[in-house]
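Notes for the one structure printed next.
FYI, it's all coordinate maths here, none of it is from the lab. Computed from a predicted model, the values in this text were never measured in an experiment. Heads up, the Cβs are rebuilt from the backbone with ideal geometry, glycines too, and the neighbour counts pull from every protein chain shown.
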Amino acid sequence: MRSHPLGYLILVALLAGLALSACVAPAPAAPQAPAQPAEQPAQPEVQPASEIVFYNWSDYIDPEIYDLFAAETGITVVEDNYSSNEELLAKLQGGATGYALIVPSDYTASIMIEEGMLAELNHDNIPNLSNLADQFRNLPYDPGNKYCATYLWGTTGLGYNTEQLDTPPDSWAVFFDPDPNAPWYGRMTLLDDVREVFSAALIYLGYDNNTKHEAQLEEAKQLLIKAKAAISGFDSDLFEELVGSGENLIGHGWNGDYLQAQEEFGTIGYVIPKEGGTAWIDNICIPATATPEQKLAGEMFINFLLRPEIGAKLAEYTFYATPNQAAREHVSEEYLNNPIINPPADVMERLHYIEPLGEFEAVYQRLWDEVKSAPTP
Ligand code: N2P
C-alpha cells in the first residue's frame, strides 16, 4: 500500500493546536464543586437504546453477529444498505437521522469528520480498540480513532468468469479500448460509483486517480462514455452474481464480494489489472445525530465487533481483510493465505487510494453526470 499522502494533515492539526494554546489566556480556576452534592439527585445514567439501525454496505457483515449481540445485550440491530459513499453522504447531508452506525470509506470518513458529521467515540466504551493493528489505529484521516474504528479493507479490480474465459483479463482496456468482437463485449459492468470509475479510467491512462487536471478528467470522461457501449450497465449491487452466473463475463468490483460469489458459484476469478487498481479502508462510525442512547448502543456494538472471535467471523464471512490484529489469530490459514484477500507486495504496489478532494469533488460529480446522461455511442 502506498503511504497515505494525507500525513501532512496531522502536522497541520498539531500546528493549529499549538497556535491556539499560545494565544488563549489560561482560564480562571473553576469554583470548587462540593465533594458530596447531597441535595442534588444523581444524573440519570444513559441506558443503551434497545434497537439501533446500522446503515452499511450490503453483504458486509455476518448476520449471525446480530444474533450473538442481541443474545448478550438484548439490543436489536436493524440493517439498512447503501451502494456508494456518495449515497451515504447525500443521505446524511439530506438530514436523515435515526442511524446509530455507518461505514464510510477512508476519503468519505475524512469529509464527514471535517464537516462535523460524526460523533466522537467514548473510548471507555470501546476497550477492544486496542485489538486493531497499530497501522490501522493512526490513520491520517482519523488519528487515534477519535471518530471511527477501522472495519475492513479491500481492493477494487476485475472479477471474471473462469468457466468462460481461459485467461484472466489483465487490463482495463477491456472497458476503455473495447473490442466489439471480444466475447465479453456487452457482458461487463462498471461500478456505479463516481470515484471508482474515474479511478479506473485515470489509472488506465497513467494519470493520478485523484487528479484535479480538468484536461485529464475530460479524457477519462470520454473513455467512460466510450465504455458505455461495451457494458451492460453501471452496477454496484449485482456485479458479482452476474459474473458468477455467467450472464456477464467481466465486472469491475470489490474483491470480497467476488469471493463471496465464488463460494456460491465456483466460477469466479479476480485480478488487479496490470495498470493498477484501488485500495480502500472502511470505517465504522457514529453519526453526530445519534441520540446518547443510540450512541451508547452503537459503541457497544463496535466493541463487540472488535472482539477477536467476532472480528474473525466478520472477516471470514465477508472475505475482506481485517485490520483486527487479535482476530487474525482466529481466522483460517486459508483466509490468511488467500492472495485476493491479503495481496502480495507486488500487487499492493499497484494499488492507489481514493482521496478527499474538497470543493473539487463537485467537478467529478458533474463529469459523472455527463457520462451518465451521454448517449451510448
Ligand atoms: C461490500 C462492499 C464494500 C465496500 N459489499 C466498498 N468500500
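A few notes on this one:
- Residue check: residue 120 meets all listed conditions (1) touching a Ser or Thr at 6+ places or on another chain (Cβ under 9 Å); (2) of a type in the set (Asp, Glu); (3) within 26 Å of residue 359 (Cα to Cα); (4) in a loop (DSSP other than H, G, I, E, B) but one, namely (1).
- Helices (runs of 4 or more DSSP H) within region 147-243 that include 1 or more residues touching a residue at least 24 places away in the same chain (Cβ under 8 Å) and more than 25 Å from the chain's Cα centre (by Cα): 173-176, 214-227
- In region 323-377, the residues that are of a type in the set (Ser, Thr, Tyr) and either assigned to a loop (DSSP other than H, G, I, E, B) or exposed (fewer than 14 other Cβ atoms within 10 Å of the Cβ) (or both): 332, 373, 376
Table: residues versus (1) among the hydroxyl-bearing types (Ser, Thr, Tyr); (2) away from the ligand (no atom under 16 Å from the Cβ); (3) more than 19 Å from residue 290 (Cβ to Cβ).
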residue	(1), (2), (3)
55	yes, no, no
63	no, no, yes
69	no, yes, no
73	yes, yes, no
76	yes, yes, no
79	no, no, no
84	yes, no, yes
89	no, no, no
92	no, yes, no
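- For residue 264, the conditions (1) touching a residue at least 24 places away in the same chain (Cβ under 8 Å); (2) over 15 Å from residue 368 (Cβ atoms); (3) among the charged types (D, E, K, R) are fulfilled apart from (1).
- For region 245-283, the candidate set comprises residues that are within 14 Å of the ligand (Cβ to nearest atom) and of a type in the set (Gly, Ala, Ser); within that set, the residue that is nearest to the chain's Cα centre (by Cα) is 279.
- Among the residues of region 106-120, the one identified as within 15 Å of the ligand (Cβ to nearest atom) and of a type in the set (D, E, K, R) is 106.
- Residue check for residue 103: touching a residue at least 60 places away in the same chain (Cβ under 8 Å), among the aliphatic types (A, V, I, L, M), touching a strand residue (DSSP E or B) at 6+ places or on another chain (Cβ under 8 Å) and within 13 Å of the ligand (Cβ to nearest atom): yes
- Candidate set: region 150-180, residues that are within 16 Å of the ligand (Cβ to nearest atom) and of a type in the set (Phe, Trp, Tyr); chosen: the one nearest to residue 235 (Cα to Cα): 153
- Taken over region 75-100, residues that are touching a Ser or Thr at 6+ places or on another chain (Cβ under 7 Å), part of a loop (DSSP other than H, G, I, E, B) and more than 15 Å from residue 302 (Cα to Cα) amount to 3.
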